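In what follows, a structure is listed as structure tokens, so that the remarks can point back to it.
Since every read-out is calculated from the coordinates, none of them should be taken as a lab result. What you see is a predicted model, and the numbers here were worked out from it, not measured in a lab. Here Cβ is always computed from backbone atoms with ideal geometry, including for glycine, and neighbour counts include all displayed protein chains.
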Amino acid sequence: MWMRHLVGATVVALLLGLAAPAGTASAAAEDNRLRDWAKRADGSHYLVGRVSPDGAERWVYYQRKLCATCRWKSYAKQLTDGSGRFQVRIAFPRKAKPVWRYRGYVPATAEHPRDEGRVWLACARVVCQFSSV
């Protein structure tokens, strides 16, 4: 019974707990965007997205933060497909107290600057409270 509540709460928390994406200053950086969104499939939670333009065969890195004052640590890296799409499976804390944060980025290349996506919150509560980091 508690597992059903936990799964339902995590889906709501993932969909509601997000912050604004990082801003960029130049018009070239606006074209090079990492767009990611939450998806649930087969009982697992994923952050899926697309890198455009020229996102084919580029590495997307995800970092995780286990608390508000902790440092970002490497979580996963994924190579995009020919269309620039990717998918990263994420985990949730088992207890209601912690809030884990995930963020993705694409490293800079000669043609494009580094680009970051949203900061996603994952918690076992119905609503994750975002605290500034």
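For a paramagnetic label modelled on TRP59 (point 7 Å from Cα along Cα→Cβ), amide N atoms under 11 Å away belong, within segment 70-84, to 77-79.
Using a simple spin-label model with pseudo-atoms 7 Å out from Cα toward Cβ, GLN87 and ARG114 lie 2.9 nm apart. What does the charge count near LEU79 come to, summing +1 for each Lys or Arg and -1 for each Asp or Glu among other residues with Cβ under 12 Å from its Cβ? So the environment of LEU79 carries a net charge of +1. Taking N as the residue count of segment 34-99, its C-alpha radius of gyration divided by 2.2 N^0.38 Å amounts to 1.24. Stretched out straight at 0.36 nm per residue, the stretch from SER44 to CYS67 would grow longer than its current Cα-Cα span by 6.1 nm. The Cα center of segment 72-94 and the Cα center of segment 101-118 differ in position by 13 Å. Prolate is the label for segment 50-133, because the ratio a/c of its alpha-carbon gyration tensor axes (a ≥ b ≥ c) is 1.5 or higher and a/b is greater than b/c. Sequentially through segment 106-112, phi angles give Karplus couplings (6.51, -1.76, 1.60; θ = phi - 60°) of 10, x, 5, 10, 5, 8, 10 Hz, Gly and Pro residues having no value and appearing as x.
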